[in-house]
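Heads up, the thing below is written out as structure tokens.
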Amino acid sequence: MDKIHSLTGMLDHYDDGDIENISVKIFETEKRIKKVFTNYKYSEIRTPALEDTNLFVRSAGDASDIVNKEIYSFNDRNEKNIALRPEGTASAIRAIIEKKLDQTNHKLWYLGPMWRYERPQKGRYRQFYQAGVEILGYEEGAPEYEIISMVCSIIEEFKLKNCSIKINHLGDKESKKLFCDALIEYLEPFKDNLDEKDLTRLSKNPLRVLDSKNKETQSILENAPSIRDFIKPSALSLLENIQNEYKDICNVEIDFTLVRGLDYYSGFVFEAISSELGAQDSFLGGGRYDHLSAKLGGKSLPSIGMAIGVERFASLVKDITTSNKVVSFLTLTSNLESKPYKIAHQLRSMNSNIILDLQLSDGSLKSKLRKANKNNSEYAIIIGEEELRDGTAVIKFLNDELKDQETVSIKELFSFYTSL
Ligand code: HAM
């Protein structure tokens, strides 16, 4: 029979214990990012993968690429138009409004799959994972510092090199309008040189023209008005203060051309990029979106958030070895011999900081030791027929150049394991 394949741009991830494998890096990255979120005292929110398509049309905007050409939407059996979520922010706000929690403050995090019908390439998938946070109910100021601090903590936690955080301010409603008017006026004489996509952007959301990939548009934009001359002094000093406070920890750069691909942003925006990623160089993005809640039928709720692209982020992580020691437990007895499994059970209950890998497969000592080395085990505990008969075990020191192995009593094994 023909094999059935996964869909284009949708990857399987499997933990084969090899720390160089991107799937293993992804799983470990997710665990550690979650730890940062909880250490900052954020609460988890989990929303459905499927939503009413209107949620994304209304939030991301009908000029956005996400809604125009990337959304996975279809009619269900009841002819209702539904969509696989392309991002997490709109769903989080929808949920908070629906629970009537839109008049209070929240610090939320989420981690889950998102879907965008993009042309797959390195770092760009049709199903990908985002780990994100949303800070709801706070005006501009403290949350901006908190969110950049969190981005720096995450970059530090994984010791990422060659990356920078770009920040910009899109202004309040008034200054944004003045800037957009100036941009439209500047681009008017060049209309014939703009492609169809940029013309649509110009009419629906002029700021998005700044994000054009078209070389000709880019050169036209070189002399365009800068948002720097339109934002309020308070916005400019926010950018400068953030840059000054965090530049010794992370590489924070003010970039007045930075705009985001979703329409809901207003005020402070940012993106983290890495020179190691190639064309898709942004591994994290976010910003303030004070008007989204009201636009989705809720109360006015000033908010800011960000999302990390987990696959891109994990590909930057060089070393995922954790501080937890790994020990391999190898039996060389008949599979039906129950004693070793009881010993392994007792060991696990004695020291929960140790990751104990009980190898379930048959096989030679050599192949089991190869596996123990591959999963970074520091020790192998070996029990064969002889050890079983004598009430002993062998401890093999896999990372020690001076010691090879020792035969110990089970009691000694227990105290050795407890002391690790
Ligand atoms: P975004 O910039 O569209 O923002 O996506 C955030 C991150 O998701 C990107 O920086 C990138 O790393 C990753 N990403 C996006 N598309 C793909 C793809 N096709 N394949 C792999 N990774 C991808 C948002 O989604 C906003 N909701 C962020 C936010 C939260 N703003 C406020 N709160």
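Each value in this text was obtained by applying a stated rule to the coordinates, not by laboratory testing. In this text, all values refer to a predicted model and were calculated from it rather than measured experimentally. Cβ: placed from backbone, ideal geometry, glycine included. Neighbour counts: every protein chain shown.
Per-residue Karplus couplings for segment 56-72, computed as 6.51 cos²θ - 1.76 cosθ + 1.60 with θ equal to phi - 60°, are listed in order as 7, 5, 6, 8, 6, x, 6, 8, 6, 4, 4, 7, 4, 9, 10, 6, 8 Hz, Gly and Pro entered as x.
Remind me, relative contact order of segment 118-238 in percent, using alpha carbon pairs under 8 angstrom and six or more residues apart?
Reported relative contact order: 28 percent.
Rounded to two decimal places and with Rh computed the Kirkwood way over Cα pairs, what is Rg over Rh for the chain?
Rounded to two decimals, Rg over Rh is 1.08.
The separation of segment 208-224 from segment 289-311, counted between C-alpha centres, amounts to 28 Å. For segment 326-419, the dipole from Cβ point charges (+1 on Lys and Arg, -1 on Asp and Glu) about the Cα centre works out to 300 debye, to the nearest 20. Taking all Cα pairs closer than 8 Å and separated by 6 or more residues, the relative contact order of the chain comes to 16 percent. Most simply put, segment 286-403 has about 40% antiparallel DSSP beta bridges, counting only bridges with both residues inside it.
A simple spin-label model places pseudo-atoms 7 Å from Cα toward Cβ; at Leu50 and Lys35 they are separated by 3.7 nm. Classified by the C-alpha gyration tensor, segment 1-142 has an oblate form. Its axis ratio a/c, with a ≥ b ≥ c, is 1.5 or above, and a/b does not exceed b/c.
Three semi-axes describe the equivalent ellipsoid of segment 326-419; taken as square roots of 5 times the Cα gyration tensor eigenvalues and ordered largest first, they are 17, 16, 14 Å.
In order along segment 102-111, the Karplus-derived 3J(HN,Hα) couplings, from 6.51 cos²θ - 1.76 cosθ + 1.60 at θ = phi - 60°, round to 7, 10, 10, 8, 8, 10, 10, 9, 8, 8 Hz, and Gly and Pro are given as x. Of all DSSP bridge pairs formed entirely within the chain, close to 75 percent run antiparallel. Under 5 Å between amide hydrogens, built in the peptide plane, is the criterion, and for Glu87 it picks out Trp115 among residues at least 5 positions away or on other chains. Residues in segment 198-205 carry Karplus couplings, in order, of 5, 5, 5, 4, 4, 7, 9, 8 Hz; the curve used is 6.51 cos²θ - 1.76 cosθ + 1.60 with θ = phi - 60°, and Gly or Pro positions show x.
Straight Cα distances below 17 angstrom link Lys374 to the lysines Lys25, Lys318, Lys325, Lys366, Lys396, with same-chain residues fewer than 8 positions distant left out. Within segment 376-410, the trypsin sites (Lys or Arg not before Pro) that combine a DSSP coil assignment with at most 15 other C-beta atoms in a 10 angstrom radius are Lys403.
Explain nothing, just the number: relative contact order of segment 326-419, from Cα pairs under 8 Å at least 6 residues apart, as a whole percent. Before the final figure, lay out the partial values.
Numbers: 133 pairs, mean separation 29.9, N = 94.
Taking the mean separation of contacting Cα pairs over the length of segment 326-419, I get 32 percent.
Absence of a disulfide-compatible partner, taken as no other cysteine beta carbon within less than 4.7 angstrom, is noted in the chain for Cys163, Cys180. Shown here for segment 20-63: chymotrypsin sites (Phe, Trp or Tyr not before Pro) in loop regions (DSSP other than H, G, I, E, B) with at most 16 other Cβ atoms within 10 Å, namely Tyr40. The spacing between segment 150-199 and segment 46-121, judged by their C-alpha centroids, is 23 Å.
Within segment 323-420, which GluC sites (Glu not before Pro) sit in a loop by DSSP and count at most 14 neighbouring Cβ atoms inside 10 Å?
Working: sites: Glu337, Glu378, Glu385, Glu386, Glu387, Glu401, Glu406, Glu412; in loops: Glu337, Glu378, Glu401.
Passing sites in segment 323-420 are Glu337, Glu401.
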